[in-house]
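> Got a structure for you, questions after.
The values are calculated or read from the model by the stated rules, or taken from the named source; none is laboratory data. All figures in this text were calculated on a predicted structure; none of them were measured in a lab. We place every Cβ from the backbone using ideal geometry, glycine too, and count neighbours over all the protein chains shown. Heavy atoms of the whole protein, side chains included, go into the accessibility calculation; ligands, DNA and RNA do not. Shrake-Rupley method; radii C 1.70, N 1.55, O 1.52, S 1.80 Å.
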Amino acid sequence: MSLPKNFNPAEIEQKWYSYWIDNKFFHSEPNEKEPYTIVIPPPNVTGVLHMGHILNNTIQDVLIRRARMQGKNACWVPGTDHASIATEAKVVNKLKEQGIDKHDIGRDEFMKHAWEWTHEHGGIILKQLRTLGASCDWDRTKFTLDDDLYQSVIKVFIDLYNKGLIYRGIRMVNWDSEAKTAVSDEEVEYKETPGHLYHVRYKLTDSNDFVVIATTRPETILADTAICVNPNDERFKHLHGKKVIVPVINREVPIITDEYVDMEFGTGCLKITPAHDPNDYEIGLKHNLEVIDIFNNNGTLNEKAEFYVGQTLIEARKSILKDIEAAGLLVKIEDYMHKVGYSQRTQVAIEPKISMQWFLKMEDIAKPALENVMNDNIRFFPEMFKNTYRHWMENVRDWNISRQLWWGHQIPAYYIKGTNDFVVAATIEEALKLAKEKTGDKKLTTNDIKQEEDVLDTWFSSWLWPISVFNGINEPENEDIKYYYPTNVLTTGHDIIFFWVARMVISGYEYRGQFPFKDVYFTGMVRDEQKRKMSKQLGNSPDPLDLIAEYGADGVRVGMLLCSPAGGDLLYKSELVEQGRNFANKIWNAARLVTSWNVEDIEQPKSSKVAIDWFNAKINQALENIDNQYDTYRLSEALMTIYRLFWDDFASWYLEIIKPAFGKPMDSKTFEDTKEILDKMLRVLHPFMPFVTEEIWQNLSERKEGETIVFAEMPVAQKYDEEFINKFENIKSIISNIRKIRLEKQIKFADKIKVSYNLIEGEYDNFFDEIVIKSCNLEAFENTSEKIQGAISFIVKNVEYYIPLTDNINVEEEIEKLQKELEYNLGFLKGVQKKLSNERFVNNAPAKVIEIEKQKQTDAENKIKALEEQIANLKG
């Protein structure tokens, strides 16, 4: 084996990904093994890779690769979402550029354009994920408008309708005037927005007196149907039952009373506009008020407004304020900060609007989903998101599932001509049969029924994703769904906990009687160093493909994971991926060193044998920690554990201890053991860094055709001697101290030196002496029963070490250095003594913790005594 001098990520990434794909290493079919399943959160079909995708999919790939190496039948299902609002908006804009309005060409022709757009731009993101090393089962790729998934959605709608859980009704909805569709409560983002509070007079009908109302939306005055006051408000009791004249439109409306009105807000008089405010709508229902909808779907005023028809809401606001002021009815305008809802998709202000929509009743169907998260049948990582989930589920509202769009799953409801009635069916033929039964009219034909124009909310297909990708709705007993469901873990952002996570749990219990996933791992947002969310608009998001080209896929994966705590935001900076690339180079260079040795069948040095025993113990300790970190989804910590093991312990200590002197051969026993150690670490690293580990692993030993690290066995922690590891840490301290003194006194490593040691108390363990002698190039390492005057000394645990270098010592500098060290240790001892004198600590802390603190006290006392003696010796 020989590795090139320089690590070339681009070359090996293409080579090994093609190898993996050609050999179908990522494909899964049901078998006798334990399944491990992940379904990808489907990105928008026309989307492109961004930093959030990099983070989320790296995490999924780490988990799925580890499962494969544990011998499980790992299946990671990829796919994309049709994204109704986003995709339709892009197609509409494209047609608009060609001078085409979608309503002019009709639904069928528009759908042809939409499919053309999807085929042209769709799936790019899945191809981009391959450059990251994503080990998805690409043969199982799904799209939410695939025939089988389409049928699943329609089947579920019909089932829920027949159960009485889906209904159609006129309700107040959140209207997106840009997309021209209703959106759910969860798709509305509220932002603090500067505005104004306009104080306007309404004249009483029976006198020249006025009442004054305060509103942030004067353009809705044209739709007012009442003024409301609190019945307990003494200021307005004389107005109960009277009427006022609405400005501009001169409509007479009643003054009503309701305790909903906040007497402290504004003037205490509230204008009621049932068509354009959700709270006013409820009051309108309660008091049987007229509902006047003055808004068109595109956000302009309609004929019911009577004035300013065709103007946008902003234009209408300016117009009505001008007319109100001219009539002497505008009292004052105040600056006012308030929360305004914006569409998550289009970022336009949401308009509350009365509309006929389809809804899913949520209260009862959501109960199992709440219960099984709160009792930890489904585990959230981090757990804090349980409270967020609980709050939403306990206050869940009916889900508006219809969207006024054409791209998506068309609602399977058919309206019967000449009636206000409809039927729900999967096909027009079934609908006709039901329509004949419902009306008793056997002469009806398909020309007498018309399908609902609206489509279903995109999330109404996504909520079935863990079931529908295995065709579990259409064929609930098929082999795939019985084997792969429930899935093991969902990795997603906490921002869609309501849109998607909660709803998938609901559908899982409704259609499988079981949770869709055992664990949910919530990632945070990827933000820049100023803590801003990364976006194209801000120009603060690097192109992930550019990063991969510059730093390599392994480097980017490591960089993204190094600072990514579960649920916590990742503050991205280029130094992270640079650190990832440097780590890949470190692994490469370490492997090159191992394979560059000239190996001969000679005796193994004792220092090498001890180092091998130490490092095997160290690996097992790390594996134990890593397994725990994986189990609790602390993946950044798991990566950091193996990162430090490789960089700090393997490269910096182990290889330095075992490497032969310049020009000397390596003994075969140490070489084989070192290859085994490196092989083991490559396997632990593989889920995080698949490319560099495959390249080195393939070259580390002779491999058979079709062999791959992808299926190499993941190492399992074996028993290890923790005390042995701790003792070796002391040896590292001894070596570090000697090296530091060499550096300070400018003593070349090639020059041998003598070191003596004096036991302060207890027993001396000479097991590691060979390592100290070799690592520090000592000509002698001897015990002495006396303190050596004029030597530089240091203490590690219960032993004081001396380097007789009197000629090279600056006495004053040495005393100053020792004095600072003495002061530090005195302070440290004081802290330990304070802790041990605290009765609460001593009575409540575990015995092992108390023992550790007492050992700290003894070590500090020994060190202080030795330092005082060293200072006294130097002072003479």
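> Any of 102/353; 586/820; 609/830; 450/482; 142/531 with alpha carbons more than 31 Å apart? Name them for me. Walk me through the numbers before you get to the answer.
Numbers: 102/353 23 Å; 586/820 36 Å; 609/830 41 Å; 450/482 38 Å; 142/531 35 Å.
Violating the 31 Å Cα-Cα cut-off are 586/820; 609/830; 450/482; 142/531.
> Given the protein chains as shown and a 1.4 Å probe, how many square angstrom of residue 170 are accessible, to the nearest 10?
90 Å²
> Also, quick follow-up: Which cross-chain or sequence-distant (5 or more) residues have an amide H under 5 Å from the amide H of residue 74, H modelled 1.01 Å from N in plane?
The answer is 36.
> Summing +1 for each Lys or Arg and -1 for each Asp or Glu, what net charge is found among the other residues whose Cβ lies under 13 Å from the Cβ of residue 325?
On the way: positive: 201, 317, 318, 322, 332; negative: 323.
Net charge around residue 325: +4.
> Using 0.36 nm per residue of separation minus the Cα-Cα distance, give me the extension gain between residue 478 and residue 428 in nm, one decimal.
Once the chain is fully extended between residue 478 and residue 428, it gains 15.2 nm.
> A follow-up question, please. So, R0 is 25 Å and r is the distance between the beta-carbons of residue 264 and residue 192; what FRET efficiency does that work out to, to 0.05?
On the way: r = 21 Å, r/R0 = 0.82.
After rounding, the FRET efficiency stands at 0.75.
> Distance from a point 7 Å along Cα→Cβ of residue 445 to each backbone N in region 411-428: keep the residues under 17 Å and list them by number.
Residues passing the 17 Å test: 416-418, 428.
> Moving to a separate point now. Can you work out the Karplus-derived ³J(HN,Hα) for every residue in region 843-852? Use 6.51 cos²θ - 1.76 cosθ + 1.60 with θ = phi - 60°, whole Hz, and x for glycine or proline.
Whole-Hz 3J(HN,Hα) from phi for region 843-852: 6, 9, 6, x, 4, 5, 5, 4, 4, 4.
> Something else about it: With the other protein chains left in place, how much accessible area per residue, in square angstrom, belongs to region 476-554 at a 1.4 angstrom probe? Don't skip to the end; give the middle numbers.
Details: 3250 Å² over 79 residues.
With all protein chains present, region 476-554 gives 41 Å² per residue.
> How large is ³J(HN,Hα) for each residue in region 366-377, as worked out from phi by the Karplus curve 6.51 cos²θ - 1.76 cosθ + 1.60 (θ = phi - 60°), to whole Hz, x for Gly and Pro?
Ordered by residue, 3J(HN,Hα) equals 8, 4, x, 5, 6, 4, 7, 8, 5, 8, 6, 4 Hz.
> Sticking with this one: Roughly what % of DSSP beta bridges within region 698-800 run antiparallel, to the nearest 5? Don't skip to the answer; put the middle values down first.
On the way: 4 of 9 bridges.
So the antiparallel bridges in region 698-800 amount to around 45 percent.
> Taking the alpha-carbon distance from residue 237 and a cut-off under 20 Å, which aspartates and glutamates remain once sequence neighbours fewer than 8 residues away in the same chain are dropped?
Residue 237 reaches 206, 209, 252, 258, 259, 262, 264.
> Which lysines, if any, have their Cα less than 18 Å from the Cα of residue 243, not counting same-chain residues under 8 positions apart?
Counting by Cα, and skipping residues close in sequence, residue 243 has these lysines nearby: 203, 271.
> Here's something else I'd like to know. How much FRET efficiency would the formula 1/(1 + (r/R0)^6) give for residue 721 and residue 820, where r is the Cβ-Cβ distance and R0 is 35 Å, rounded to 0.05? Walk me through the numbers on the way to the answer.
Details: r = 36 Å, r/R0 = 1.02.
The pair residue 721/residue 820 has a calculated efficiency of 0.45.
> Using a 7 Å offset from the Cα along the Cα-to-Cβ direction at both residue 532 and residue 364, what is the distance between the two label points in nm, to one decimal?
It works out to 5.0 nm between the two label points.
> Next up: For the chain, what % of the accessible area comes from carbon and sulfur atoms, probe 1.4 Å? Don't skip to the end; give the middle numbers.
Numbers: 19120 of 40690 Å².
Carbon and sulfur together cover 47 percent of it.
> Normalised by the number of residues in the chain, what is the relative contact order in percent for Cα pairs under 8 Å and 6+ residues apart?
Values: 1457 pairs, mean separation 110.4, N = 876.
Across the chain, relative contact order equals 13 percent.
> What FRET efficiency, computed as 1/(1 + (r/R0)^6) with R0 = 25 Å and r the Cβ-Cβ distance, is obtained for residue 651 and residue 604, rounded to the nearest 0.05? Before the final figure, lay out each step's value.
Details: r = 21 Å, r/R0 = 0.84.
That pair, residue 651 with residue 604, gives E of 0.75.
> A further question on this structure: Take residue 148, project a point 7 Å from its Cα along the Cβ direction, then tell me which residues of region 12-30 have their backbone nitrogen under 18 Å from it.
Taking a point 7 Å out along Cα→Cβ of residue 148, the residues of region 12-30 whose backbone N falls under 18 Å are 27-30.
> Let me ask something else. List the trypsin sites (Lys or Arg not before Pro) within region 718-789 that fall in a DSSP loop (any state other than H, G, I, E or B) and whose Cβ has at most 14 other Cβ atoms within 10 Å. It would help to have the intermediate numbers written out before the result.
Numbers: sites: 719, 727, 732, 739, 740, 742, 745, 748, 752, 754, 774, 787; in loops: 719, 745, 748, 752, 787.
Within region 718-789, the qualifying trypsin sites (Lys or Arg not before Pro) (loop, at most 14 other Cβ atoms within 10 Å) are 719, 748, 752.
> Turning to a different aspect of this structure: Less than 20 Å apart at the alpha-carbon level, and either on another chain or at least 8 residues along: which lysines does that give for residue 443?
Within the straight-line cut-off, residue 443 pairs with 417, 433.
> Please give the length that would be gained between residue 115 and residue 103 if that part of the chain were fully extended, namely 0.36 nm times their separation in residues minus their C-alpha to C-alpha distance (nm, one decimal).
Values: separation 12, 0.36 × 12 = 4.32 nm, distance 1.69 nm.
The residue 115-residue 103 span can extend by a further 2.6 nm.
> Here is a follow-up. Could you tell me whether region 283-339 comes out rounded, prolate or oblate from its Cα gyration tensor? Rule is a ≥ b ≥ c as square roots of the eigenvalues, rounded for a/c under 1.5, then prolate if a/b exceeds b/c, otherwise oblate. Present the calculation step by step, with values, prior to reporting the outcome.
Working: a/c = 1.56, a/b = 1.21, b/c = 1.29.
It comes out oblate by the Cα gyration axes.
> Using a cut-off of under 18 Å, list every residue of region 213-246 whose amide N is near the label point 7 Å from the Cα of residue 334 along the Cα-to-beta-carbon line.
213-218, 228-230, 235-236
> Where in region 416-484 are there trypsin sites (Lys or Arg not before Pro) that are in a DSSP coil and have at most 14 other Cβ atoms within 10 angstrom of their Cβ?
Here the trypsin sites (Lys or Arg not before Pro) that fit, given the DSSP loop and packing criteria, are 417, 442, 443.
> Continuing with the same structure: Sort 601-612, 383-394 by packing, meaning the average of other beta carbons within 10 Å per residue, with the highest value first. All intermediate terms of the calculation are to be shown ahead of the outcome.
On the way: 601-612: 17.0, 383-394: 14.6.
My ranking of the peptides, most packed first, is 601-612, 383-394.
> Longer than 22 Å from Cα to Cα, which of 180/367; 606/754; 573/740 are they? Say none if no pair is.
The answer is 180/367; 573/740.
> Quick one: length gained pulling residue 780 to residue 596 fully straight, 0.36 nm per residue minus the C-alpha distance? Intermediate values should be presented prior to the final figure.
Working: separation 184, 0.36 × 184 = 66.24 nm, distance 3.07 nm.
Contour length minus the Cα-Cα distance gives 63.2 nm.
> Give the long-range amide H neighbours of residue 296: residues separated by 5 or more places, or on another chain, with amide H under 5 Å away, using H modelled in the peptide plane at 1.01 Å from N.
When sequence neighbours closer than 5 places are left aside, the close amide H contacts are 301, 302.
> Report the antiparallel proportion of the DSSP beta bridges in the chain as a percent, rounded to a multiple of 5.
Working: 65 of 94 bridges.
So the antiparallel bridges in the chain amount to around 70 percent.
> A follow-up question, please. In what sequence, largest accessible area first, do 689, 640 appear using a 1.4 Å probe? Intermediate results must be reported in sequence, preceding the final value.
Working: 689 0, 640 45 Å².
Largest accessible area first, the residues go 640, 689.
> If you roll a 1.4 Å probe over the heavy atoms of the protein chains, what accessible area per residue do you get for region 72-230, in Å²? Numbers along the way, then the final one.
Details: 6330 Å² over 159 residues.
Using a 1.4 Å probe on heavy atoms only, each residue of region 72-230 averages 40 Å².
> Which links in 72/127; 797/865; 361/386 stretch past 20 Å when you go from one Cα to the other?
Numbers: 72/127 26 Å; 797/865 13 Å; 361/386 23 Å.
Checking Cα-Cα distances, 72/127; 361/386 exceed 20 Å.
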